[in-house]
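Enquirer: One structure coming up, written as C-alpha cells, with questions to follow.
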Amino acid sequence: MEGLRSWLGERFAERPWWMNVLMVFCAFMTFVYMPWDFFIKPVSADQEAWLGILLRGPAAKLTEPIHWAIYAAGTYGFWRMRPWMWPWAALYAATVTFGMFVWPIVYLGGFGGVVLGVVSAIPLGLVTRALWRSADWFDAKPPELRARYGEWALVTGASAGIGAAFARALAREGISVALVARREARLRELAAELVREHGVDTRVVAADLGAPGGVDAVVAAVSDLDIAMLVNNAGVGYAGKLAKQNPERLREMIELNCTAPVLLTRRLLAQTLAGKIAHDGWSVSLAEEVAARLLSRNAIALYRLDVTA
Ligand SMILES: NC(=O)c1ccc[n+]([C@@H]2O[C@H](COP(=O)([O-])OP(=O)(O)OC[C@H]3O[C@@H](n4cnc5c(N)ncnc54)[C@H](OP(=O)(O)O)[C@@H]3O)[C@@H](O)[C@H]2O)c1
C-alpha cells in the first residue's frame with residue numbers, strides 16, 4: 001500500500017495540480033461516464049454538444065465516440081505528458097470554452113443566457129490560457145544538462161556510494177566530472193571507467209574536506225575548469241548517544257558536513273561571478289532536479305542548498 005501511494009505521489013508530481021485535476025477528469029470521462037453514456041443511456045435521451053450546438057438522439061449517439069476518443073487522448077496525454085498535447089489540449093479547451101459561451105445564449109437566450117454563457121466561459125477560458133502557456137511542460141525532451149549549465153560538474157565524496165552514482169549519472173549525460181574524496185585510488189578507478197564508458201573528461205582531486213586547507217586544495221585543483229554543477233555529497237553521520245561521541249570526531253563531522261559545503265559553494269560561486277564561466281545557470285548541492293533526472297527517485301536522501309548567483 002505504501003509502495004502504491006509513493007508511486008502515485010511520484011506520478012502526480014509530474015505536472016501542476018490543475019493539470020492533475022484535468023487528467024483525473026479526463027480519466028473519469030474515459031473510463032466511467034462515456035462507457036455509460038454510450039452503452040447504457042437510451043438513444044432517445046442522448047445529447048452531445050459540439051461548439052455550442054446540441055445534437056440529440058442518433059446524431060448524438062453517433063458522435064459520442066469522438067468525444068470518447070478525445071477524453072482518452074487527454075488521459076493518456078496528461079499521464080505521459082506527451083509533446084503533442086501542446087497546442088492540441090489548449091485548442092480543444094478553446095473550442096469547449098466557445099461552446100459553453102454560445103450554448104446558453106442559443107438555447108436559453110435573453111440576459112440570463114448571456115450571463116450564464118459568460119460565467120461558464122470564464123473558468124474554461126482560464127483553463128485554456130493555462131494550457132496554452134504550458135508548452136514547456138510538454139517538451140519532447142528536457143534541455144540537456146550540459147547545454148543548460150555547462151561542461152563540468154564537481155562531485156565531492158565520489159569515491160563511494162551516492163557520490164559515485166552521481167558521477168556516473170552525470171557522465172552518462174555527457175558532463176565532465178571532477179571527482180573529490182580522500183581515497184585517490186578509488187577516484188582514479190572511477191575516472192578511468194567514466195572516460196572509457198562515456199568519453200567525458202575527468203579530474204581526480206584527492207583531498208580531505210574535513211581538514212584545514214581541504215577546501216582551498218579543491219578550489220585550487222579545479223581553478224582552470226568551468227565548474228557549472230556542484231554536488232556537495234561528501235559527509236558522515238554518527239549514530240549513538242551524543243554524550244559518548246568523541247568531540248574531535250564531532251568537530252571533523254561539522255567541518256565536513258557543514259563548513260566545507262558552504263565554503264566550497266561560496267568559492268566556486270565567486271569564480272562564476274568573476275566571469276570565468278559563461279553559462280546561464282549554476283546548480284548547487286544534491287539538486288533535486290539533477291537527482292530526479294539521473295537517479296532512481298527513491299534511491300537517495302537529498303539535502304539541498306539553494307544559491308542564486
Ligand atoms: N546513504 C544514506 O541513506 C544517506 C542518508 C542521508 C544522508 N546521506 C548523506 O549522503 C552523502 C553520501 O552518502 P553515502 O551513503 O554515499 O556515503 P558513503 O558511501 O559513506 O560515502 C561517503 C563519501 O564521502 C567521502 N568522504 C568522507 N569523508 C570525507 C572527507 N573528510 N573528505 C573528503 N571526502 C570524504 C568518502 O570518500 P573517502 O572516504 O574516500 O574520502 C565517500 O566517497 C553523505 O553526506 C551522507 O551523510 C546519506
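The values are calculated or read from the model by the stated rules, or taken from the named source; none is laboratory data. All values derive from a computational prediction rather than experimental measurement. All Cβ positions, glycine included, derive from the backbone under ideal geometry; neighbour counts span all protein chains shown.
Enquirer: It is to be established whether one or more residues within segment 268-285 are under 15 Å from THR156 (Cα atoms), within 15 Å of the ligand (Cβ to nearest atom), modelled with pLDDT of 90 or more and small (Gly, Ala, Ser).
Expert: No: zero hits.
Enquirer: Could you grab the pairs with beta carbons closer than 7 Å, sequence gap of 6+ or different chains, first residue in segment 236-263 and within 20 Å of VAL155 (Cα to Cα), second one more than 11 Å from the ligand (Cβ to nearest atom)?
Expert: From residues that are within 20 Å of VAL155 (Cα to Cα), the pairs are PRO261/LEU305.
Enquirer: A further question follows. Does VAL155 qualify as being within 23 Å of the chain's Cα centre (by Cα), of a type in the set (Val, Ile, Thr) and within 10 Å of the ligand (Cβ to nearest atom)?
Expert: yes
Condition check ((1) hydroxyl-bearing (Ser, Thr, Tyr); (2) crowded, with 21+ Cβ neighbours inside 10 Å; (3) within 15 Å of the ligand (Cβ to nearest atom)) across all residues:
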| site | (1), (2), (3) |
| --- | --- |
| ARG168 | no, no, yes |
| GLY174 | no, no, no |
| LEU179 | no, yes, yes |
| ALA185 | no, no, yes |
| ARG188 | no, no, yes |
| GLU197 | no, no, no |
| ALA207 | no, yes, yes |
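Enquirer: Just checking, does segment 23-45 include any residue being more than 27 Å from the chain's Cα centre (by Cα), buried (at least 18 other Cβ atoms within 10 Å of the Cβ) and closer than 30 Å to VAL114 by Cβ?
Expert: So far as segment 23-45 goes, yes, one or more of its residues are more than 27 Å from the chain's Cα centre (by Cα), buried (at least 18 other Cβ atoms within 10 Å of the Cβ) and closer than 30 Å to VAL114 by Cβ.
Enquirer: Hey, among the residues in segment 209-235 that are more than 14 Å from the ligand (Cβ to nearest atom) and free of Cβ contacts under 8 Å to residues at least 24 places away in the same chain, which one's surrounded by the fewest Cβ atoms within 10 Å (Cβ to Cβ)?
Expert: Looking at the filtered set, the residue picked out is ASP224.
Enquirer: Step by step: first the residues of segment 60-71, then only those that are surrounded by 17 or more Cβ atoms within 10 Å (Cβ to Cβ) and out of contact with any strand residue (DSSP E or B) (no Cβ under 7 Å at 6 or more places or on another chain), then the one that is farthest from LEU22 (Cα to Cα). Which residue is that?
Expert: LYS61
Enquirer: With the structure loaded, tell me whether ALA192 is modelled with pLDDT of 90 or more and within 13 Å of the ligand (Cβ to nearest atom) or whether it fails that test.
Expert: no
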